[in-house]
Amino acid sequence: CHGFWDMGTASKMLDRIVKLWRPPTCQLASMELDMKLKIMELMATMNNQLFDALPALLTEEMAGDVDNLQLKASSAGTSLMVGLWQSITKSVSSLQGQYTRLGQLLGKTVVKWVVCPLKNISDDQLGELDGALGTEDDSARYYAEIAYAKWTGKEGLLPGKSCRASEFPETQACSLGIMQQDMPEKYRDERFICPVRPLLPAPQQLNVFKAKEGQCLLHMNAGQMASESWFYRGRQPQKTQYDMVQNLPKRDHQAVKILSTWSRQDANGEFHRWRTFVTVGLHCTLEEAKVTPRWCAAPDIYHASASMNDVLNGLGRMSNGVARGVHGALHALGAADEKPIKNHALPKEIGSWLYGAGKGLEEWIRETTDGWMGGASRRYSKLYNTMFMDIEAAELLHSASYQKELEHTGADSQGKQSYDRYAVVAPCKEFTPNKLFRLRYGWSEHALQLARKAVQKFGTDLMSQEAFTMQLRGAGRLEMQDEEHAWITFSALMRAGKGVEGTLPPWIPTKNPFLEDLAGSRSAHSGSGVRASDLTGFQAYFACGSRKEMHDLPLLPPFPAFGHGRSFRSCVTEGISGNAELGKAQPDAPFLRDEVVVRVTFASLQHCALDVDPSFARGNETENPVYKSFAQMRGCDALSPRELSELPAALAERKQNYRGLLLGNGLVDETLLEVIIAPEDFQEAIES
């Protein structure tokens, strides 16, 4: 056409044009719908302008020329003009009622486009043209509803706004559009469908679902889409875009919550296009919510200030170093923001962020193996990829779209098959993925450190039964040199034993700064500001079994007999290999009920204990402000002889400067009371 192509190149370009614009690509249908949309928008605009002008038109018809009439505020008079305006108002109201009825009629009636030929054609040709046009047009009917919505009051006309009952009782189906066979016309022997009304662009459509509070979209992962031959071809416009198949939701499809959107160029530059990407939080499948409902609901979190009785404890616990340190660490990593960042941090940096800086930390990091720090980094990335997904907006919408064949009603004069393209939403009111990620990562790392220390100090025989228990407690020892010199020395104590109800060994001290943080001994108030709530004291119960078994197990002892009858150590070892086999057999399953997991639950020790014996005081030592604050602490039981006998000798001996002893209890603020850990992560942590 422009003279720069030879015949071969021109022929090739024509082939490309035909390939792109042939009906199965839906490019032609899209342009036709765009044209119809513009016509309907013009009709709607004309209707609005006509109705807005009706008062002036009626005034001219009933009152004549009013060019010189000055507009005034209404009054209660009964003049001729008042009566005239009342008559006009009634006329306009009557016309509005007629428009409402007209809009309701047009919104439900069959609409046909009439094309007048520019030259004479035969009756046979007119018949062919009429047959191609058909007797109805869904898009015209749909936009008639929009055009008259001002008078009919109809709402929720945007695709996805209105929803109905779905295939499953807990879900709803939200229509995205109607698809029709051979739209706009048949092409050779290819089977295809195209929208009969324009679909919303993916970013706008996803915003409709993002605005649905407490609702998550069901979606298929890549493997599930491949098994259903449900392919996204939006990046290849020359291919058939929509296949003429049914695609129904299933209970193993995962719910996702839309969190944020952003624009980026293609990562590999293959298409050289800027596209919209979406970050979503990955929730449970419908099957998972049925089998393990507690793990798909709001997690159990201990809040120190949850009740009035705990207000004072909350003041201490919420200032605890680990709560402050871990939150700051995860904020640095991005987990406290709207979208946690992917982890690219060096292992040592993760250690510094996670466990905070302070006395003794540098030495502890040097002594800690690189294996542990590298493992923490890998676990961060692993959990992120389990809970979040970054995906192109159009691809996400396709993975969340389902298709159902509509019944033949006889309304289609050409007998074309139609499909309802729809999305499915499931309830997820209590799903807060960013907060949940922060808690899961932080407390799974806490649990792994506790287990690692317990195995180091008490041996692998700890895992010879189906479960084991580990306790951690903060302690404060009051000492005085004379009435003007008093101080409190804080420490952390730990012990562990096999089973969950047996007698535990005596307490041993630990200098691990991480455990000292958890026990509160590194951040407790010294001097006269000391509080019992500064120190914590809790126990962690470690159990192993299938997801279903661990979900059904009570959070706290007594635990019923486990179904598998294996030791904890065997459960972990066999679970690693068993999970790998399950993953190979069902690579696309988001949920595996028989997958083996380690479950950790946390509970507070029963009470704090306080020992203050005035007989040890000399002179006016009881008037010292530190002594008085220590002695006047309330809410703790007296230290029993049994508790005293279980303490390390250096802490329990009542000689020389000893004046009192405090043993803490309670959980750290925002403790996630139940944590699930993969067996391979547990094994890696205790061996590092």
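Below are the figures for this structure:
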{"read-out": "Output for segment 170-196, where each listed residue is closer than 29 Å to SER260 by Cα, open to solvent by 50 Å² or more (accessible area, probe 1.4 Å) and not in a strand (DSSP E or B)", "value": "GLU170"}
{"read-out": "Of all residues making up segment 6-21, the number that are open to solvent by 90 Å² or more (accessible area, probe 1.4 Å) and hydrophobic (A, V, I, L, M, F, W, C)", "value": "3"}
{"read-out": "Looking only at segment 240-270, and only at residues there that are at pLDDT below 95, part of a strand (DSSP E or B) and more than 18 Å from PHE388 (Cβ to Cβ), the one that is least open to solvent (accessible area, probe 1.4 Å)", "value": "SER263"}
{"read-out": "Residue in segment 527-537 that is open to solvent by 10 Å² or more (accessible area, probe 1.4 Å), farther than 30 Å from ALA222 by Cα and modelled with pLDDT of 95 or more present", "value": "no"}
{"read-out": "Any chance SER604 is in contact with a strand residue (DSSP E or B) (Cβ under 9 Å, 6 or more places away or on another chain), small (Gly, Ala, Ser) and touching a residue at least 60 places away in the same chain (Cβ under 8 Å)", "value": "yes"}
{"read-out": "Qualifying residue in segment 228-250 (condition: among the acidic types (Asp, Glu) and touching a residue at least 40 places away in the same chain (Cβ under 8 Å))", "value": "yes"}
{"read-out": "Filter result for TYR148 (of a type in the set (Ser, Thr, Tyr), touching a Phe, Trp or Tyr at 6+ places or on another chain (Cβ under 8 Å) and at pLDDT below 95)", "value": "yes"}
{"read-out": "Residue match in segment 587-600 (condition: surrounded by 22 or more Cβ atoms within 10 Å (Cβ to Cβ), modelled with pLDDT of 95 or more and farther than 30 Å from GLY223 by Cβ)", "value": "yes"}
{"read-out": "Meets criteria (over 29 Å from LYS290 (Cβ atoms), modelled with pLDDT under 95 and surrounded by fewer than 19 Cβ atoms within 10 Å (Cβ to Cβ)) for GLU407", "value": "yes"}
{"read-out": "Positions within segment 632-656 being open to solvent by less than 50 Å² (accessible area, probe 1.4 Å) and not small (Gly, Ala, Ser), in sequence order", "value": "MET633, CYS636, LEU639, GLU643, LEU644, GLU646, LEU647, PRO648, LEU651"}
{"read-out": "Criterion violated by PHE514 - all others in (1) of a type outside the set (Gly, Ala, Ser); (2) touching a strand residue (DSSP E or B) at 6+ places or on another chain (Cβ under 8 Å); (3) buried (at least 21 other Cβ atoms within 10 Å of the Cβ) satisfied", "value": "(2)"}
{"read-out": "Where GLU581 falls short, out of the listed (1) open to solvent by 60 Å² or more (accessible area, probe 1.4 Å); (2) part of a loop (DSSP other than H, G, I, E, B)", "value": "(2)"}
{"read-out": "Test: residue in segment 485-504 that is among the polar types (S, T, N, Q), open to solvent by 20 Å² or more (accessible area, probe 1.4 Å) and under 19 Å from GLY666 (Cα atoms)", "value": "yes"}
{"read-out": "Every residue from segment 547-557 that is touching a residue at least 40 places away in the same chain (Cβ under 8 Å), open to solvent by 20 Å² or more (accessible area, probe 1.4 Å) and not in a loop (DSSP other than H, G, I, E, B)", "value": "ARG547, LYS548"}
{"read-out": "Filter result for the condition that a residue is modelled with pLDDT under 95 and over 26 Å from the mean Cα position of the chain (by Cα), over PHE559, PHE568", "value": "PHE559"}
{"read-out": "Flag for ARG599 being among the charged types (D, E, K, R), assigned to a strand (DSSP E or B) and under 30 Å from TRP295 (Cβ atoms)", "value": "yes"}
{"read-out": "Which numbered condition PHE231 fails, given (1) open to solvent by 60 Å² or more (accessible area, probe 1.4 Å); (2) touching a Pro at 6+ places or on another chain (Cβ under 9 Å); (3) closer than 24 Å to THR25 by Cα", "value": "(2)"}
{"read-out": "Members of segment 629-688 found to be among the polar types (S, T, N, Q) and more than 43 Å from the chain's Cα centre (by Cα), listed by number", "value": "SER629, GLN632, SER640, SER645, GLN656, ASN657"}
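Here's the yes/no breakdown for (1) touching a Lys or Arg at 6+ places or on another chain (Cβ under 7 Å); (2) closer than 22 Å to THR510 by Cα; (3) among the small types (Gly, Ala, Ser):
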site: ARG593; (1), (2), (3): yes, no, no
site: VAL597; (1), (2), (3): yes, no, no
site: ALA603; (1), (2), (3): no, yes, yes
site: GLN606; (1), (2), (3): no, yes, no
site: PRO625; (1), (2), (3): no, no, no
site: SER629; (1), (2), (3): no, no, yes
site: GLN632; (1), (2), (3): no, no, no
site: CYS636; (1), (2), (3): no, no, no
site: SER640; (1), (2), (3): no, no, yes
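The values are calculated or read from the model by the stated rules, or taken from the named source; none is laboratory data. As the structure is a prediction and not an experimental result, all values here were calculated from the model. Note that each Cβ is placed from the backbone with ideal geometry, even for glycine, and that neighbours are counted across all protein chains shown. Remember, those area values only see protein heavy atoms, side chains included, never the ligands or the DNA or RNA. Shrake-Rupley method; radii C 1.70, N 1.55, O 1.52, S 1.80 Å.
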